[in-house]
Amino acid sequence: MSEYIIKNGHVFDPVQGLKGDKADISVKDGKIVDKAGSGAKVIDAKGKTVMAGALEVHAHVAGPKVNAGRWYRPEDKHFDSHKKPGITRIEGGKSIPTVFKTGYEYARMGFTFAMEAAMPPLYARHVHEEIHDTPIIDEAALPVFGNNWFVFEYLKNKEIENAAAYISWVMRQTKGYGIKVVNPGGTEAWAWGLNCLTINDPVPYFDITPAEIMNGLMAANEYLGLPHSMHVHQNSLGNPGNYEVTLDTLKLAEGVKPKNNFGREQVMHSTHLQFHSYGGDNWGNFESKAKEVMDYVNKQDNITIDTGNVTLDETTTMTADGPFEHHLHGLNHLKWINVDVELETAAGVVPYIYDPNIKVCAIQWCIGLELALYAKDPMRCFITTDHPNAGPFTRYPRVYSWLMSKKVRDERLNTFKNADKVISATNLAELDREITLYELAAMTRAGPAKALGLSKDYGGLKPGMNADIAIYDINPDKFPSSGPEIEKAFGNAAYLFKDGKICVQDGKIVDFGNKHTFWVDAKVKENKLVVRDIREKFLRYYSVNEANYPVPESYAPHQHIITVDATQA
Amino acid sequence: MPKVVTDIICPFCGTLCDDIECTVSDDNKTILSVKNACAIGAEKFNHQKLPGRVTRPRMRQADGSFKEVSYDEAIDWTAKMLVASKKTLMYGWASTSCQAMSIGHEIAEKVGGIVDNCATVCHGSSLIAIEDVGVPSCTLGEVKNRADRVIFWGCNPAHAHPRHMSRYSIFPRGFFTVKGHKGRKIYVVDCRYTDTAKCADTFIQVQQGYDYELLNAFRTAARGESLPDTVGGVPKEKIYEVVAELKEGRFGIIFFGMGLTHTMGRNHNIDIAINLTRDMNDFTKFSIMAMRGHWNVTGSGQVLGWQYGFPYAVDLSRRDQARHQTGETTSVDLLVRNEVEACFYIATDPGAHFPVDAMISSSKKPTVTVDPHINCTTEISDIHIPVAMVGVETGGCAYRMDNVPIETRKVVDAPEGMLTDEELLTRINKRVDELMAAGGA
């Protein structure tokens, strides 16, 4: 394999505490090394920014609801859908790009990993088929457990060990990475057209509450010692006044200790917090509660969050929060897809236009930015757009420009149609903070890698780590002052190394790299009761046979298996 | 010793029954018996051992007869045809695996093909409606576990999806449906008294061509508005009564088929059926599902969806952009208007299903058909390339009508030396690359 020396770049790496220092990075055999051989190819990074490859912690990029969105929105292909010169395939779609475009666009922005945020176990084969076809970037997927009948039954009886054994079984069958929870209890209630809007609403029939589900899943996660924590999309998403539910949920983590061998310190990852930080009690007095939420997050070390930044685009919302999508469809009357999945979950899809002329959309935009700007520890706050829910991931460069430049963000804020009302319902105008390149490296590289339990090999540039490296045409000494310049630099990496191979050069795809599918194999003691329960449910309630449930090896030909031994737990 | 293979996925319809058992001969070459399958499904497995099966490619001679040729020769001829044609119709895909489709799409993108599947003459109109209004749906297990109101509208699963009713929709006992059939009210809306209608609690005979009006009347009744005395031949009292019963249910589902998609109104029929479903969610829980017929046609839509963003009729002839426009990039229209230069058919039999004019047009073009069997299409082709039967002689992924993917199983070996779709397409792809590198395009 080729060797490289990346010379004279400004290196930003929270893992080593490098804050733009000029340093040479050597690459050999897919790893970062102390010193490369004399024949190493020299990459001149003078006047450029060097970071580790970025990690996407939460995006909907592969699977049944993503594809339903592609299917039913031919109009999404009206924008920017063509083949670019070079080795790439045809690219299509704007808010829900095709798999080819998804891989290319992440790579062009300097990303080397993306987490598919919600995998219905029954549809795991579909998720993996799409992951298989997505070029360049490594990917993993989180199976959803927050509305699963097995989980309800075990947790109702406080049987953490059985819940853990079941979870480990599902993760192995589906090649899943961790425990995702979406509107716990609420999505099961939705199968009867109902919902759970607080953490104490009982789930119809199952006699359990969202709080009990989340407490149990957190305990099961730590019992297994998984690399990632419970990853939660909370109840009452998108409703005015929901920040109280948010705080109630976050408080569930108090006193829970992380237990794992991966250096992960959080026990709860609360995702797309923007959608959960709303005050007011109707759309008229809707306001930001980002400060209240972040005040709590900042003092609670065992929680990580991601932002879910609204990008002010036309997009396609999609979530396993079935009742929310029905509610949203009732608000905007655009086309609605729903899929209820037996014993496990549901999903909904509705297009949405975040119109800067609408006050609520502009306030949502402010809230997303406020969350990041209030974050005291960038290692615990990650930037996402909850792609495609708050906006397409391809807008990250624009989100960075708003976070990194007060001037750029104020230009946007002050020119909203309802600027006065928006400013008075939010705190953004008072915030002077500008996220630095070092903080950005924490929020998009080192932080997510640590939260996902991948910090040993990913998210940094220390010798021994994987050679996933992004080089941007940004001179930190002359940081670009206009939004478009910042966007262009972050949207077109000068170089992207993936596993030590150059995949992007000057914003162009030059190699498809060695894509890997990550999944976690958690070994538990033999549990005959759980095996029997699984057999019974498949015989009586599932519509497929147990033998046809697993995802075969061929779906993830290049798998990266992280093994966890919970047999002694 | 003959052995038993279990948990086999039936390769016939969109129901994708996955509980088939076959007894297989000791040498792994012959299926001796089939258990659990319906009559049509069992026949699919039995085709494997039909006498006179074609096992090598056949090329048409000047006198109209076929002559056996090698796979290499057939692959070379096919690749040359694809490279020479500026616009090739690449139709079918419904009886092959998603993995094979993926390779086919790669070829289509290189040579400028138009990839279309059987939805084009089947549930394409449903897909148009979904593009317009979305679709609230569910998996078939949800129906089994929860549904207490089941409507079959313009479909006849007793003939087309024989085990649908016993596995999912009428008879099974599920978690919240412990009484099975007795706990469900079954409605059949059709212009004929079908065999499915015999299982119904209520049969509603709609006047032919009046489905849209009747669905509209259901919506009107659901909103408590007034109706004329009869709609589509159905008295208003009946409509009010049925709608009231539907509202009283806890979980309703509408299954629909060709009786809606290919009668007057087409996509608009589906559109209003979906809107009725949407409306019913204001009162109770309601879903709707297309009775996808041809085995993995759903999978073809899925793979096209994640690779190009459209479920069928994907025109890649510009080579740098995917286009999809019903009436323009759909197979029948392309053929009738003589807009393609060559035809590549795989895993489907358009000769048996397309309008005669379309097939007359097709028969005048260079044509390759890839199919395990001799069928109407092979008989108007220049080359027939037989392949192993997917789901019987090779595995691969297929999608059920509710979009649930299942990895199918290999039950027996294909006849000596026969290629699978995946192997064949991989070799065609390689040959296309060679020809194009040599300036063939």
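The values are calculated or read from the model by the stated rules, or taken from the named source; none is laboratory data. All values derive from a computational prediction rather than experimental measurement. Methodologically, a virtual Cβ is constructed for each residue, glycine included, from the backbone with ideal geometry; neighbour enumeration extends over all protein chains shown. Quick note on the areas: whole protein, heavy atoms, side chains included, nothing else; ligands and nucleic acids left out. Shrake-Rupley method; radii C 1.70, N 1.55, O 1.52, S 1.80 Å.
Meeting the requirement of 2 or more residues that are at pLDDT 95 or above and more than 30 Å from A:Pro227 (Cβ to Cβ), the helices (runs of 4 or more DSSP H) wholly within the stretch A:369-487 are A:396-404, A:406-414, A:419-424.
For the stretch B:108-131, a tally of residues being over 14 Å from B:Leu304 (Cβ atoms) and over 21 Å from the mean Cα position of the chain (by Cα) returns 3. Looking at the stretch A:267-282, can you tell me whether even one residue there is assigned to a loop (DSSP other than H, G, I, E, B), open to solvent by 10 Å² or more (accessible area, probe 1.4 Å) and either out of contact with any Asp or Glu (no Cβ under 7 Å at 6 or more places or on another chain) or not assigned by TED's automatic domain parsing to the domain that holds A:Pro378 (or both)? Scanning the stretch A:267-282 turns up at least one residue that is assigned to a loop (DSSP other than H, G, I, E, B), open to solvent by 10 Å² or more (accessible area, probe 1.4 Å) and either out of contact with any Asp or Glu (no Cβ under 7 Å at 6 or more places or on another chain) or not assigned by TED's automatic domain parsing to the domain that holds A:Pro378 (or both).
The residue list B:Ile360, B:Ile383 contains one member that is over 30 Å from A:Asn545 (Cβ atoms) and open to solvent by less than 30 Å² (accessible area, probe 1.4 Å), which is B:Ile383.
Residues are listed down the side, and each one gets a yes or a no for (1) charged (D, E, K, R); (2) open to solvent by less than 10 Å² (accessible area, probe 1.4 Å); (3) modelled with pLDDT under 95; (4) assigned by TED's automatic domain parsing to the domain that holds B:Glu339:
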{"site": "B:Gly64", "(1), (2), (3), (4)": "no, no, yes, yes"}
{"site": "B:Tyr71", "(1), (2), (3), (4)": "no, no, no, yes"}
{"site": "B:Ala74", "(1), (2), (3), (4)": "no, yes, no, yes"}
{"site": "B:Lys80", "(1), (2), (3), (4)": "yes, no, no, yes"}
{"site": "B:Thr88", "(1), (2), (3), (4)": "no, yes, no, yes"}
{"site": "B:Tyr91", "(1), (2), (3), (4)": "no, yes, no, yes"}
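Restricting attention to the stretch B:316-361, the residues that are assigned to a loop (DSSP other than H, G, I, E, B) and away from chain A (no Cβ under 14 Å) add up to 10. Taking the numbered list (1) in contact with a His (Cβ under 7 Å, 6 or more places away or on another chain); (2) away from chain B (no Cβ under 14 Å); (3) surrounded by 13 or more Cβ atoms within 10 Å (Cβ to Cβ) in turn, A:Tyr555 passes all entries but (2). Which one is nearest to A:Ile179 (Cα to Cα), of the residues in the stretch A:521-564 that are among the charged types (D, E, K, R), touching a residue at least 40 places away in the same chain (Cβ under 8 Å) and not in a helix (DSSP H, G or I)? For the stretch A:521-564, the residue satisfying everything is A:Asp521. Across the stretch B:401-411, a minimum of one residue is classified as within 30 Å of A:Lys94 (Cβ to Cβ) and either part of a strand (DSSP E or B) or not assigned by TED's automatic domain parsing to the domain that holds B:Phe66 (or both). Inspect the stretch B:422-439 for any residue being within 23 Å of B:Gly41 (Cα to Cα) and part of a loop (DSSP other than H, G, I, E, B) and give the result as yes or no. Scanning the stretch B:422-439, I find no residue that is within 23 Å of B:Gly41 (Cα to Cα) and part of a loop (DSSP other than H, G, I, E, B), so the answer is no.
Could you name every one of the strands (runs of 3 or more DSSP E) located completely within the stretch A:293-365 that has at least 2 residues being within 30 Å of A:Gln266 (Cα to Cα)? Result: A:303-306, A:314-319, A:345-353.
Looking across the stretch B:268-315 at every residue that is within 19 Å of the chain's Cα centre (by Cα) and among the β-branched types (Val, Ile, Thr), the one that is nearest to the other protein chains (Cβ to nearest Cβ) is identified as B:Val303. The single condition from (1) over 27 Å from B:Tyr345 (Cα atoms); (2) facing another protein chain (nearest Cβ under 8 Å); (3) open to solvent by 20 Å² or more (accessible area, probe 1.4 Å) that B:Tyr168 fails is (3).
Taking the listed residues B:Ile239, B:Ile130, the one that is modelled with pLDDT of 95 or more and open to solvent by less than 10 Å² (accessible area, probe 1.4 Å) is B:Ile239, with no other qualifying. Of all residues in the stretch A:218-259, those satisfying the criterion of being in contact with a strand residue (DSSP E or B) (Cβ under 8 Å, 6 or more places away or on another chain), in a loop (DSSP other than H, G, I, E, B) and closer than 30 Å to A:Cys361 by Cβ are A:Gln234, A:Leu237, A:Gly238, A:Asn239, A:Pro240, A:Gly241, A:Asn242.
Screening the stretch A:171-219 for residues that are of a type in the set (A, V, I, L, M), surrounded by fewer than 24 Cβ atoms within 10 Å (Cβ to Cβ) and out of contact with any Cys (no Cβ under 9 Å at 6 or more places or on another chain) and picking the one that is nearest to the other protein chains (Cβ to nearest Cβ) gives A:Leu194.
Return the residue satisfying two criteria in turn: it lies in the stretch A:53-107 and is of a type in the set (D, E, K, R) and within 13 Å of A:Thr394 (Cβ to Cβ), and of such residues it is farthest from the other protein chains (Cβ to nearest Cβ). Applying the filter and picking the extreme gives A:Glu56. Taking the stretch B:226-311 as the region of interest, the helices (runs of 4 or more DSSP H) fully inside it that hold 1 or more residues being assigned by TED's automatic domain parsing to the domain that holds B:Gly92, out of contact with any strand residue (DSSP E or B) (no Cβ under 6 Å at 6 or more places or on another chain) and closer than 30 Å to B:His353 by Cα are B:297-308.
If you go through the stretch B:51-87 and pick out every residue that is part of a loop (DSSP other than H, G, I, E, B) and without any contact (Cβ under 8 Å) to a residue 12 or more places away in the chain, you end up with 7.
Is there a residue in the stretch A:323-332 that is within 22 Å of the chain's Cα centre (by Cα), open to solvent by less than 20 Å² (accessible area, probe 1.4 Å) and within 30 Å of A:Gly255 (Cα to Cα)? There is no residue in the stretch A:323-332 that is within 22 Å of the chain's Cα centre (by Cα), open to solvent by less than 20 Å² (accessible area, probe 1.4 Å) and within 30 Å of A:Gly255 (Cα to Cα). Any idea which of (1) surrounded by fewer than 17 Cβ atoms within 10 Å (Cβ to Cβ); (2) at negative phi is the one A:Gly241 doesn't satisfy? Every condition holds for A:Gly241 apart from (2). Does any residue of the stretch B:94-107 turn out to be outside the structural domain of B:Leu335 (by TED's automatic domain parsing), open to solvent by 10 Å² or more (accessible area, probe 1.4 Å) and of a type in the set (D, E, K, R)? No, the stretch B:94-107 has no match at all.
Of everything in the stretch A:337-382 that is out of contact with any Phe, Trp or Tyr (no Cβ under 9 Å at 6 or more places or on another chain) and among the acidic types (Asp, Glu), the residue that is nearest to A:Lys450 (Cα to Cα) is A:Asp377. Checked against (1) more than 14 Å from every other protein chain (Cβ to nearest Cβ); (2) of a type in the set (Asp, Glu); (3) under 22 Å from the mean Cα position of the chain (by Cα), B:Asp382 passes all but condition (3). Residue-level check: of (1) in contact with a Gly (Cβ under 6 Å, 6 or more places away or on another chain); (2) farther than 23 Å from A:Tyr177 by Cβ; (3) surrounded by fewer than 24 Cβ atoms within 10 Å (Cβ to Cβ), A:Ala493 misses just (3).
Against the test of being open to solvent by 20 Å² or more (accessible area, probe 1.4 Å), on the phi > 0 side of the Ramachandran plot and within 14 Å of another protein chain (Cβ to nearest Cβ), the options B:Asn28, B:Asn36 yield a single qualifying residue, B:Asn36.
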